[in-house]
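Below: one structure, written as structure tokens.
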Amino acid sequence: MTYQITQIKEILNRIVPWFETNLALFRSYIDSDDDLLDIFNNKLNLVKEWDKWFINSYDSEASKKQILDEKNGKSQPEEIVRQFYLIKLDQDYWYTKDIMRTLSSFLNLWNL
């Protein structure tokens, strides 16, 4: 499903309040609403299943990550930040998704 910009911003504000002003990485990376739509509709595949919102991880595994549970209000703002950094590594520093998976495996090995 493709979401409108108002829907995406509403969900992001529930996860990271005032994300447009408080998230420096967001401000430096997103130039327009079209950029935001592209990230959440195409790269991260935002999807709602019942009362829970998910995105696909921006790495070679593309595992489903829960970012918001509407029922209990629990959110994972760190996952949004993590995904923005993965996109930044890909687009600004030319890291492939396989390299990101290798780095992730290495960090998990050392509990970092």
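Rule-based calculations on the coordinates, nothing more; no lab input. Bear in mind the structure is a predicted one, so any value in this text is a computation, not a measurement. Positions of Cβ are generated from backbone atoms using ideal geometry, with glycine treated the same way; all protein chains shown enter the neighbour counts.
Residue by residue through the range 54-75, note down the ones that are surrounded by 15 or more Cβ atoms within 10 Å (Cβ to Cβ) and farther than 17 Å from Asn41 by Cα.
Residue satisfying the conditions is Ser75 alone.
Can you find a residue that is among the acidic types (Asp, Glu), more than 14 Å from Lys9 (Cβ to Cβ), surrounded by 18 or more Cβ atoms within 10 Å (Cβ to Cβ) and touching a helix residue (DSSP H, G or I) at 6+ places or on another chain (Cβ under 8 Å) anywhere in the range 76-95?
No, because not a single residue in the range 76-95 is among the acidic types (Asp, Glu), more than 14 Å from Lys9 (Cβ to Cβ), surrounded by 18 or more Cβ atoms within 10 Å (Cβ to Cβ) and touching a helix residue (DSSP H, G or I) at 6+ places or on another chain (Cβ under 8 Å).
Look at the range 1-22 and say how many of its residues are hydroxyl-bearing (Ser, Thr, Tyr) and over 13 Å from Phe40 (Cβ atoms).
Residues in the range 1-22 being hydroxyl-bearing (Ser, Thr, Tyr) and over 13 Å from Phe40 (Cβ atoms): 1 in total.
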